[in-house]
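*Asks:* Sharing a structure, written as structure tokens. Questions coming.
Derivation of every value follows stated rules applied to the coordinates shown; laboratory data play no part. Source: prediction; values computed, not measured. We place every Cβ from the backbone using ideal geometry, glycine too, and count neighbours over all the protein chains shown.
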Amino acid sequence: MTAIRIHALSKTFISGRKALDDVHLDIQTGEMVALIGASGSGKSTLLRHMAGLMAGDAAAPGLIQIHGKTVQQNGKIASNIRQIRADIGFVFQQFNLVDRLPVIVNVLAGTLHRVPLWRSLLRWFTPAEVCCGVEALKRVGIAECCAQRASTLSGGQQQRAAIARAMVQGAKVILADEPIASLDPESSRKVMDILARVNREDQCTVVVSLHQVNVAIKYCPRTVALHHGRVVYDGPSVALTPALLRELYGAEADDILSLGDHITSLQDKPIRVMPTSAWPTPMAIAA
């Protein structure tokens, strides 16, 4: 089944720069796909269009569908986009957590699309919802941080909390926009391991934009390469040799190849999970 369908999508900014140029792309349910390309190639712009955060050119017959539901067409975002976004988890490079709120509240923001407005305003969650949030934090290895303010977490921990939020949301598609760009090697490995595990265990479709080609090869069976807003390669990640990259990108390939794989060199270490007996109680978390 097709999870994401993109047809004839173009995007031109007010400055006249063409960020996306006639993009056609089909991603199947359960795939883990990397988007690669130099800065300005259109990776982030494409992800934002998939999520319905930006509209394509009205002059182009652009179409984006998620699991058969139209996100946007002919430059117009669907009127029911909020309902469609309930199935789309977006992981931002800068985490997008509310610093002053506890981690568990940030994670439970993933439930807001299905709770009454008055409960969302009061940030009141049921014990079952809190337990679901703690379980998601357990899966990403930071359950012990659930009652801490988000601002006290490291960058890697904040990114894992953002992934936990998408889990609680019940997202069928996760779009991750350069999720490891600002992280150290160990945190980067943990974040990519978690995304791969969510993809594998939950059959969640994952599209992740990356700078490092070797990371794409390690984690994503398929890679889509963008260059000046156009898809210049769509195929097996293992086929992305330096020679092919130079053929696709010319002199810009050196910038891509110069970014070493800072994950593979690390020894595989399991993510530490706190014993169940040490978890805070739901009432303590809610407080």
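*Asks:* With a cut-off of at most 10 other beta carbons within 10 Å, and DSSP calling the residue loop, which trypsin sites (Lys or Arg not before Pro) in the stretch 23-82 qualify? Please list them. Show your work: numbers first, answer last.
*Replies:* Details: sites: K43, R48, K69, K76, R82; in loops: none.
Passing sites in the stretch 23-82 do not exist.
*Asks:* Separate question: In cubic angstrom, how much convex hull volume per residue do the alpha carbon atoms of the chain span?
*Replies:* Numbers: hull volume 38.5 nm³, N = 287.
Taking the convex hull of the Cα positions in the chain, it is 134 Å³ per residue.
*Asks:* I've got another one for you. Taking every Cα atom in the stretch 174-244, find the radius of gyration and the maximum pairwise distance Dmax, and write them in Å.
*Replies:* 12.4, 36
*Asks:* Sticking with this one: Where nothing but the Cβ of Lys and Arg (+1) and of Asp and Glu (-1) is charged, how large is the charge dipole of the chain around its Cα centre, in debye to the nearest 20? List each step's numbers first, then the result.
*Replies:* Working: 30 positive and 24 negative charges, 184 e Å.
With Lys and Arg at +1 and Asp and Glu at -1, about 880 debye.
*Asks:* Averaging sequence separations of C-alpha pairs under 8 Å and six or more residues apart, then dividing by the length of the stretch 14-111, give the relative contact order as a whole percent.
*Replies:* Computed value for the stretch 14-111: 16 percent relative contact order.
*Asks:* Mind computing the radius of gyration and Dmax over the alpha-carbon atoms of the stretch 117-193? Å is fine for both.
*Replies:* Radius of gyration, then largest Cα-Cα span, for the stretch 117-193: 13.3, 42 Å.
*Asks:* Could you list, in their original order, any pairs among K11/K76; K18/K172; K18/K43; K43/K69; K138/K190 whose Cα atoms are separated by more than 20 Å? Don't skip to the end; give the middle numbers.
*Replies:* Values: K11/K76 12 Å; K18/K172 30 Å; K18/K43 13 Å; K43/K69 22 Å; K138/K190 13 Å.
Violating the 20 Å Cα-Cα cut-off are K18/K172; K43/K69.
*Asks:* Is it possible to state the helix-based mean residue ellipticity at 222 nm for the chain, with each DSSP H run of 4+ residues giving -39500 (n - 2.57), the sum divided by total residues, to the nearest 500 deg cm²/dmol? What is it? Spell out each step's value before the answer.
*Replies:* Working: 11 runs with 96 residues, N = 287.
It lands at -9500 deg cm²/dmol.
*Asks:* When Lys and Arg each count +1 and Asp and Glu each count -1, what net charge do the other residues less than 15 Å away from S39, Cβ to Cβ, add up to?
*Replies:* Net charge in that neighbourhood comes out at -3.
*Asks:* With bins 5 Å wide starting at 0, give me the P(r) of the stretch 21-103 over every alpha carbon pair, in whole percents.
*Replies:* Taking every Cα pair in the stretch 21-103, the percentages come to 3, 12, 21, 24, 19, 12, 6, 3, 1.
*Asks:* Taking every Cα atom in the stretch 66-200, find the radius of gyration and the maximum pairwise distance Dmax, and write them in Å.
*Replies:* Looking at the stretch 66-200, its Cα Rg and Dmax stand at 15.1, 47 Å.
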